[in-house]
């Protein structure tokens, strides 16, 4: 990996935190971000190694440049910040829809825009989408639409900002994640050809593959055990 930090936006919890831990344990300088700068600093201390924390809100993209102004060279960027949303059309909440759309499309893009001068020569970026883009559920209209946008966004980024590589990962239900681990998931498991749900370790491994394999660019990687086949 070239000189520069691994930056994990949305790195204070869940999958983002585990990706940050992976790189910190291998000696990389890591920067995690979350909405609360104090929590980001606390989690950075818990992860250990050469990890630091910053605070900004992806849903307030005009604040991103200022929050990142002191950041040095960046070799890897993971955009893992999410907002779980259930927004049925019959009860449509405009503020929630605007928040999520701004966060994942405008906020992700503004973060990349801000970091362009600091990307190393072999920099790589992974954006998090999700399987709801192909398998919607009642109330998922905004999530489905935004994750579909992520699948297209990586193509424009890869062309405009070449040779920086851009890929997207679309996890299925992550059975051992903090959000899902206590929920009844046997029905989903039974509809998965492998007979098992993906794990946080699976998602970390897939993310690292997208970041470190220099021939992978413009790829939407589904990590769900073949769930969509059933």
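Hey, among 71, 100, 79, which residue is within 22 Å of residue 159 (Cα to Cα), at pLDDT 95 or above and surrounded by 14 or more Cβ atoms within 10 Å (Cβ to Cβ)?
Unique residue meeting the criteria: 79.
Report yes if residue 38 is under 16 Å from the mean Cα position of the chain (by Cα) and either modelled with pLDDT of 95 or more or within 18 Å of residue 76 (Cβ to Cβ) (or both), otherwise no. Before you say what the answer is, go through the steps one by one.
Numbers: under 16 Å from the mean Cα position of the chain (by Cα): no; either modelled with pLDDT of 95 or more or within 18 Å of residue 76 (Cβ to Cβ) (or both): yes.
Spelling it out, it is not the case that residue 38 is under 16 Å from the mean Cα position of the chain (by Cα) and either modelled with pLDDT of 95 or more or within 18 Å of residue 76 (Cβ to Cβ) (or both).
Hey, among 116, 112, which residue is crowded, with 17+ Cβ neighbours inside 10 Å and under 16 Å from residue 156 (Cβ atoms)? Even if it seems obvious, please write down each step before you answer.
Values: 116 fails: crowded, with 17+ Cβ neighbours inside 10 Å.
112 is the lone residue from the list that is crowded, with 17+ Cβ neighbours inside 10 Å and under 16 Å from residue 156 (Cβ atoms).
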Exercise. Restricted to the stretch 175-212, and to residues that are at pLDDT 85 or above and part of a loop (DSSP other than H, G, I, E, B), which residue is nearest to residue 80 (Cα to Cα)?
Worked result: 199
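Being over 20 Å from residue 83 (Cα atoms) and modelled with pLDDT of 90 or more: is that true of residue 168 here? Let's see the steps before the verdict.
Working: over 20 Å from residue 83 (Cα atoms): no; modelled with pLDDT of 90 or more: yes.
Judged against the criteria, residue 168 is not a match.
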Problem set entry | Single condition residue 71 does not satisfy, out of (1) out of contact with any strand residue (DSSP E or B) (no Cβ under 6 Å at 6 or more places or on another chain); (2) at positive phi | (2)
For this session: Could you check residue 159 against (1) in contact with a strand residue (DSSP E or B) (Cβ under 8 Å, 6 or more places away or on another chain); (2) at negative phi and say which number it fails?
Result: (1)
For this session: Output the residues belonging to the stretch 141-174 that are exposed (fewer than 15 other Cβ atoms within 10 Å of the Cβ) and in a loop (DSSP other than H, G, I, E, B).
Result: 162, 163
Exercise. Does residue 225 satisfy the criteria of being surrounded by 15 or more Cβ atoms within 10 Å (Cβ to Cβ), over 14 Å from the mean Cα position of the chain (by Cα) and not in a helix (DSSP H, G or I)?
Worked result: yes
Exercise. So which residues in the stretch 121-140 are buried (at least 16 other Cβ atoms within 10 Å of the Cβ) and either under 15 Å from residue 106 (Cβ atoms) or without any contact (Cβ under 8 Å) to a residue 40 or more places away in the chain (or both)?
Worked result: 127, 132, 133
Seminar exercise, completed: Checked the stretch 17-38 for anything buried (at least 19 other Cβ atoms within 10 Å of the Cβ), assigned to a helix (DSSP H, G or I) and in contact with a strand residue (DSSP E or B) (Cβ under 6 Å, 6 or more places away or on another chain); matches are 19, 20, 23, 24
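Which of the residues spanning the stretch 151-173 are in contact (Cβ under 8 Å) with a residue 40 or more places away in the chain and more than 13 Å from the chain's Cα centre (by Cα)? Outline the logic, then answer.
Step one: list which residues in the stretch 151-173 are in contact (Cβ under 8 Å) with a residue 40 or more places away in the chain, which gives 151, 153-155, 157-158, 161, 163-173.
Correct list: 153, 155, 157, 158, 161, 163, 164, 165, 172, 173.
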Exercise. Residues of the stretch 39-79 being in contact (Cβ under 8 Å) with a residue 24 or more places away in the chain, assigned to a strand (DSSP E or B) and within 25 Å of residue 165 (Cβ to Cβ), which ones?
Worked result: 51, 74, 75, 76, 77, 78, 79
For this session: Please go through the stretch 183-204 and pick out each residue that is closer than 23 Å to residue 11 by Cβ and either exposed (fewer than 14 other Cβ atoms within 10 Å of the Cβ) or out of contact with any helix residue (DSSP H, G or I) (no Cβ under 9 Å at 6 or more places or on another chain) (or both).
Result: 199, 201, 202
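The values are calculated or read from the model by the stated rules, or taken from the named source; none is laboratory data. This is a predicted model, so every value here is computed, not measured. Please note: Cβ atoms are built from the backbone with ideal geometry, for glycine as well, and neighbour counts cover all protein chains shown.
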